[in-house]
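The structure appears below as structure tokens.
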Amino acid sequence: MIELWAVGGYQHVGCKNMTAIKIDDEVVILDAGFNMDVVSNYSGEDSISSLSEKQMRAIDAIPDDSQLKKEWGKYVKAIIISHAHLDHTGAVKYIAPKYNAPIISTPFTYEVIQNLLEGKKIPNKFIRMNPGNKMRISDNIELEFINITHSTPQTVIIALHTKYGTIVYANDWKFDNYPILGKRPNYKRLKSLKNVVLLITDMTRVNEAGRTLSEHIAREMLRDVLLWGNTEGKAVVLTTFASHIARIDTMIKIAKQMNRVPILLGRSMDAYMKAAVRSHVYRLPKGVKVYGFKKQIQKVLKSVEAKRGKYVLIVTGNQGEPESVLTRMVNDEFPFRFRADDYVVFSSSTIPSPTNIARREEIETRLMAKGAKLFKDIHVSGHASREDHRELISMLKPKHYVPTHGDMERLALGAKLAMEMGYELGKTVHIFQEGTHRVLEA
């Protein structure tokens, strides 16, 4: 018997991803993430990290697994994390200690979780496994990490091989044939999977027609913007997701082409870069510095203000987060002032939540009021579009299809796509409400 419990991630994009799968009398937990709207809106990373589990629940920052713990807790065999983004990893330190089970992830994701623990110990054993490898969780369940591309290193599709067939969890992915960092998707392995009984997959961009373009395109977009205009004597400020190591690598390389010194600023920028270096997925180029603490950033920006044409600043704040470096720069909290014709490049899209949309609009308005030149959406997504989803379904031919990582509109669009391909709502394609669970016929 296979039963799915939709703990979190089934109502919003980027919000408390957590799914539990029960296979007879054994349970596997997949991901345990933050509600990013709440975490970024609260009062900064420093304050959030000090809150207890009870306090985190009170502000709806982490998944509510209380009923899961009561009913299935003693059956949990493993907690498996698909990739390093905080809406998939952030709640691990609150959720995992309640279960007598190891935490399994890739090396880069492991290092990100260690950063989140901030030196604190939890009782769970950590197991690091590279993409492409397998391990046995129990006599009845074998875990496999299948390499896939996304906007952070070592993202994997999780495959659970059972006597009923293979359960596939693809929660954040894209088909990128020309990645900047890491390998192409393992199409051969995906196509070779037999008897896929269940596919759980993210719906972030299922509303976008066509397919998602390669990260290689984003590199050319940035080159086109930054090597085109006259930036002499002007500040150049770039912002993207701190976890997007490939995009940051592109920015560093282009800064050098501009004969400028790249500087990375921001606490999360520092944390993710350290995780990338420790896990050997990236080597920071010689001479490139990263500064994460406020006093360091103040000192650096004082020097940059005096020699604006010498540097490229790569900073946190692409979503307009209140505690980010870019927001603080706009607020004049640092010894740096934006001037007319300074370049500000948003190498990201706006995460589609009301909070992020409002924040981005506000920071863009304020930058334009200061006379800065804005370049927006210099970006390609890390999420699959509609035709990518169709291709994945065609490859795997799952018996059951479960959309996740989206609001109700996106989940419905995912279900509609599956129905176009012959699936039947309520029988072979299933829309879950958070906190509900049901048996899926194997």
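The values are calculated or read from the model by the stated rules, or taken from the named source; none is laboratory data. Quick caveat: nothing in here was measured; it's all calculated off a predicted structure. Positions of Cβ are backbone-derived with ideal geometry, glycine not excepted, and every protein chain shown enters the neighbour counts.
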Quick one: Lys183 ticks every box in (1) part of a loop (DSSP other than H, G, I, E, B); (2) touching a helix residue (DSSP H, G or I) at 6+ places or on another chain (Cβ under 7 Å) bar one, so which box is it? (2)
Give me the residue from the stretch 237-267 that is of a type in the set (Ser, Thr, Tyr) and out of contact with any Gly (no Cβ under 9 Å at 6 or more places or on another chain) and, out of that set, nearest to Leu326 (Cα to Cα). Thr240
Given (1) over 30 Å from Glu3 (Cβ atoms); (2) in contact with a Pro (Cβ under 7 Å, 6 or more places away or on another chain), index of the condition Val196 fails: (1)
Residues in the stretch 161-205 that are within 18 Å of the chain's Cα centre (by Cα), farther than 20 Å from Thr428 by Cα and of a type in the set (A, V, I, L, M, F, W, C): how many? 4
Given the criteria within 23 Å of Lys134 (Cα to Cα) and in contact (Cβ under 8 Å) with a residue 40 or more places away in the chain, does His85 qualify? yes
Here are Leu392, Leu413, Leu396: which of them is surrounded by 15 or more Cβ atoms within 10 Å (Cβ to Cβ), of a type in the set (A, V, I, L, M), within 13 Å of Thr204 (Cα to Cα) and more than 18 Å from the chain's Cα centre (by Cα)? Leu413
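Can you pull out every residue in the stretch 190-206 that is surrounded by fewer than 16 Cβ atoms within 10 Å (Cβ to Cβ) and modelled with pLDDT of 95 or more?
Once the filter is applied, which keeps residues that are surrounded by fewer than 16 Cβ atoms within 10 Å (Cβ to Cβ) and modelled with pLDDT of 95 or more, the stretch 190-206 yields Lys191, Ser192, Asn195.
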Quick one: how many residues across the stretch 372-389 are among the charged types (D, E, K, R), farther than 21 Å from Tyr178 by Cβ and not in a loop (DSSP other than H, G, I, E, B)? 1
Filter the stretch 191-226 down to residues that are closer than 21 Å to Leu181 by Cβ and part of a loop (DSSP other than H, G, I, E, B), then give me how many there are. 5
Take the conditions modelled with pLDDT of 95 or more, in a strand (DSSP E or B) and touching a Ser or Thr at 6+ places or on another chain (Cβ under 6 Å) and apply them to Lys22. Does it pass? no
Return the pair list, or none, for Cβ contacts closer than 9 Å from residues in the stretch 116-131 that are within 15 Å of Glu144 (Cβ to Cβ) and assigned by TED's automatic domain parsing to the domain that holds Gln154 to residues that are surrounded by fewer than 15 Cβ atoms within 10 Å (Cβ to Cβ) and of a type outside the set (Lys, Arg), at least 6 apart or on different chains. Ile127/Met135; Met129/Met135
